[in-house]
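Just dropping this structure here.
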Amino acid sequence: MKITAAKLIITSPDRNFVTLKIETDEGIYGLGDATLNGRELAVASYLSEHVIPCLIGRDPFDIEDIWQYLYRGAYWRRGPVTMSAIAAVDVALWDIKGKALNTPVYNLLGGRSRQGVLVYTHANGADIEQALDSVREHMEEGYLAVRAQAGVPGVASSYGVPKPGKAYEPAERGLPGESLWSTERYLNFAPKLFERLRSELGPDVHLLHDVHHRLTPIEAARLGKALEPYHLFWMEDPCPAELQEGFELIRKHTTTPIATGEVFNSVWDAHDLIRNQLIDYIRMTIVHGGGITHAKKTADFAAMYHVRTGFHGATDLSPITMAAALHFGTAIHNFGIQEHMHHTALTDEVFPHHYSFENGYMTPGDAPGLGVDIDEVLAAKYPYQRAYLPIARKLDGTLTDW
Ligand code: EZ4
Ligand code: CO
């Protein structure tokens, strides 16, 4: 089989997605997600200018060799733009191979290790009462694991809390929005949220929380200790993780499990975190971390250190990434949990898919390949619109981590 063509489909059905479609001489095509929230066209240009010309004529079954060609062959390595572009090619090739062999991708990764993929979704509220109601609603939908975020008193526009009447979606069309942050107010408030949730909801539901890179290690240590009585499933991204050894300070002080890495793009971003057992869950996703090929190596390395996967799965990751993550989570042994936010109905219409949710678990379906398609006619009706993630400032105006 030979790759005959590859093209990009850039569409904005409620939010922006960049999709790579690789075509072959046997009529089989594969899809890969190349979406990097707020920097979409950088990846699109990397692919169209620099990667697609190198793919034509290659055998799409040579997934490892093509991966190495794009990674080592570029000379310039790593980074979210490069690794998202490589991921798009890689995922499209796994899709092609599954379709050509008439089997779902999870079978190419070792077969089923479990019947369903445990997922968590997002609950939020302007205050503790609303957050509690929101967690309850998701539990009624069947979720066994829920991430909870609530507005911090005295801090306008807290992370994870939507504007009134809107679904939570951080990317906004136009220029970057501005939000505020106060570590002091947050640290005083967050334990109260989980004290209430745990006492109202009982011991069984898995509760998660995203700190979204806002604390220093010693502040995160204080939070982790304060949350211990409410036994969270995890505390996510407690602080920026460029300084991997910084997590030692958190680890020395608390048994609250730690998940990090949604902004990582290669195993090297997590190397010390994993081998020093400083985290419990690795969040680097298939789309931003070099595709299925590199995620498999990362997960296998993590497995040796008791680290499980907990991949990022917000709405800026397209249904193609969701499907890839579900095949992956079905197959690997050290799967932990998968994030799941519902895409809008329009996004789902542009990307018809076979995956489904039931009683807290998702399954990828048994269609050959990934089991996701793209309706190109519909996609063309929703052209790309520039959008950015917000920025955050401390109460005195200092720019801080969003
Ligand atoms: O801010 O996906 O855990 N989920 C998150 C998300 C991220 C966005 C960034 O594009 O932290 O809400
Ligand atoms: Co997060």
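The values are calculated or read from the model by the stated rules, or taken from the named source; none is laboratory data. Quick caveat: nothing in here was measured; it's all calculated off a predicted structure. Note: ideal-geometry Cβ built from the backbone for every residue, glycine included; neighbour counts use all protein chains shown.
Quick check on residue 193: is it away from ligand 1 (no atom under 16 Å from the Cβ), under 26 Å from residue 137 (Cα atoms) and buried (at least 19 other Cβ atoms within 10 Å of the Cβ)?
When the stated conditions are applied, residue 193 passes them.
While we're looking at this one, here's another question. Run down 35, 11, 4 and say which single residue is out of contact with any helix residue (DSSP H, G or I) (no Cβ under 6 Å at 6 or more places or on another chain) and buried (at least 18 other Cβ atoms within 10 Å of the Cβ).
Within the list 35, 11, 4, the selection yields 35.
Could you tell me which of the residues 250, 292, 274, 337 is away from ligand 1 (no atom under 16 Å from the Cβ), touching a Phe, Trp or Tyr at 6+ places or on another chain (Cβ under 6 Å) and more than 23 Å from residue 39 (Cβ to Cβ)?
Numbers: 250 fails: touching a Phe, Trp or Tyr at 6+ places or on another chain (Cβ under 6 Å); 292 fails: more than 23 Å from residue 39 (Cβ to Cβ); 337 fails: away from ligand 1 (no atom under 16 Å from the Cβ).
Exactly one residue qualifies, and that residue is 274.
Follow-up question, since we're still on this one. Could you list, in sequence order, the residues of the range 317-337 that are in a loop (DSSP other than H, G, I, E, B) and crowded, with 24+ Cβ neighbours inside 10 Å?
The answer is 317, 318.
Mind listing whichever residues of the range 279-310 are over 23 Å from residue 68 (Cβ atoms) and under 9 Å from the mean Cα position of the chain (by Cα)?
283, 310
If I go through the range 217-236 residue by residue, how many of them are touching a Gly at 6+ places or on another chain (Cβ under 8 Å) and within 16 Å of residue 183 (Cβ to Cβ)?
Counting residues in the range 217-236 that are touching a Gly at 6+ places or on another chain (Cβ under 8 Å) and within 16 Å of residue 183 (Cβ to Cβ) gives 2.
For residues in the range 202-254 being among the basic types (Lys, Arg) and away from ligand 2 (no atom under 16 Å from the Cβ), which is nearest to the chain's Cα centre (by Cα)? Lay out the reasoning, then the answer.
Initially, the range 202-254 is screened for residues among the basic types (Lys, Arg), giving 214, 222, 225, 251-252.
Adding the requirement that they be away from ligand 2 (no atom under 16 Å from the Cβ) leaves 222, 225, 251-252.
Numbers: 222: 26, 225: 26, 251: 24, 252: 27 Å.
Among those residues, the one meeting the criterion is 251.
Another question, then. Quick one: would you say residue 379 is within 16 Å of ligand 2 (Cβ to nearest atom), at pLDDT 95 or above and touching a helix residue (DSSP H, G or I) at 6+ places or on another chain (Cβ under 9 Å)?
No, not satisfied.
Please determine, by comparing only the residues of the range 386-402 that are within 16 Å of ligand 1 (Cβ to nearest atom) and assigned to a loop (DSSP other than H, G, I, E, B), which one is farthest from the chain's Cα centre (by Cα).
In the first step, residues of the range 386-402 are kept if they are within 16 Å of ligand 1 (Cβ to nearest atom); the result is 386-392, 400-402.
When the remaining residues are screened for being assigned to a loop (DSSP other than H, G, I, E, B), the result is 386, 389-390, 401-402.
Details: 386: 21, 389: 15, 390: 18, 401: 18, 402: 16 Å.
Looking at the filtered set, the residue picked out is 386.
Yes/no per residue for (1) modelled with pLDDT of 95 or more; (2) of a type outside the set (Ser, Thr, Tyr):
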| site | (1), (2) |
| --- | --- |
| 168 | no, no |
| 174 | no, yes |
| 178 | no, yes |
| 190 | yes, yes |
| 203 | yes, yes |
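Using beta carbons and a limit of 7 Å, which pairs, at least six apart or on different chains, have the first residue in the range 313-340 and under 19 Å from residue 146 (Cβ atoms) and the second one assigned to a helix (DSSP H, G or I) and within 16 Å of ligand 2 (Cβ to nearest atom)?
Note: pairs meeting the criteria are 313/322; 313/325; 338/325.
So, one more: All but one of (1) surrounded by fewer than 24 Cβ atoms within 10 Å (Cβ to Cβ); (2) within 16 Å of ligand 2 (Cβ to nearest atom) hold for residue 306, so report the exception by its number.
Result: residue 306 fails condition (2) only.
Also, I was wondering about something else. Determine whether the range 193-208 contains at least one residue that is closer than 16 Å to residue 314 by Cβ and without any contact (Cβ under 8 Å) to a residue 60 or more places away in the chain.
No, the range 193-208 contains no residue that is closer than 16 Å to residue 314 by Cβ and without any contact (Cβ under 8 Å) to a residue 60 or more places away in the chain.
Residues of the range 156-209 being more than 28 Å from residue 336 (Cα to Cα) and assigned to a strand (DSSP E or B), which ones?
Residues satisfying the conditions are 172, 173, 178, 179, 180, 181.
Restricting to the range 295-317, give me the number of residues that are within 16 Å of ligand 1 (Cβ to nearest atom) and either of a type in the set (Val, Ile, Thr) or touching a Lys or Arg at 6+ places or on another chain (Cβ under 8 Å) (or both).
Final tally of qualifying residues: 6.
Determine whether the range 210-226 contains at least one residue that is more than 14 Å from ligand 1 (Cβ to nearest atom), touching a Leu at 6+ places or on another chain (Cβ under 7 Å) and either assigned to a loop (DSSP other than H, G, I, E, B) or not assigned by TED's automatic domain parsing to the domain that holds residue 283 (or both).
yes
Quick one: residue 41 ticks every box in (1) in contact (Cβ under 8 Å) with a residue 24 or more places away in the chain; (2) surrounded by 17 or more Cβ atoms within 10 Å (Cβ to Cβ) except a single one, so which number is it?
(2)
For residue 311, state whether it is surrounded by fewer than 18 Cβ atoms within 10 Å (Cβ to Cβ) and either out of contact with any Pro (no Cβ under 9 Å at 6 or more places or on another chain) or not assigned by TED's automatic domain parsing to the domain that holds residue 74 (or both).
No: the conditions fail for residue 311.
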